[in-house]
């Protein structure tokens, strides 16, 4: 019996340690790749730009009437690269000017009629007194 107790005291810590190590060990999930045919395609749109490529915006609107450079030409800061026709701005300006003059004439028309009426009344009043304008 002494042999069994001694064996149990020596084997018990080793068994306990082995049990703890096996109990704490988590299973690691793994994925294995497989070779199959592609069943889905993904399409996307985008813009590919090269280094030192810039997008240029005009300060005013208009129609391009002349282009001074070709694709791939080097340009310097401040260099004219195209000419915009400003016919649309000129027409807009002229239309605004005509509208302003027309509005001014319509507004002043009533004032002119009123002034002419007052002048006629003044002439009638002064005519009775003997004064003529």
TODO: Just one of (1) modelled with pLDDT of 80 or more; (2) assigned to a helix (DSSP H, G or I) trips up residue 108, so point out which.
DONE: (1)
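Let me confirm something: among 66, 58, 23, which residue is assigned to a helix (DSSP H, G or I) and either within 46 Å of the chain's Cα centre (by Cα) or at pLDDT below 80 (or both)?
Values: 66 fails: assigned to a helix (DSSP H, G or I); 58 fails: assigned to a helix (DSSP H, G or I).
Unique residue meeting the criteria: 23.
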- [ ] Please enumerate the residues belonging to the range 69-96 that are farther than 30 Å from residue 53 by Cβ and modelled with pLDDT of 85 or more.
- [x] 94, 95, 96
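The values are calculated or read from the model by the stated rules, or taken from the named source; none is laboratory data. On a predicted model such as this, the values are computed, not experimentally measured, just so you know. Ideal geometry is used to build each Cβ from the backbone, glycine not excepted, and the neighbour counts take in all protein chains shown.
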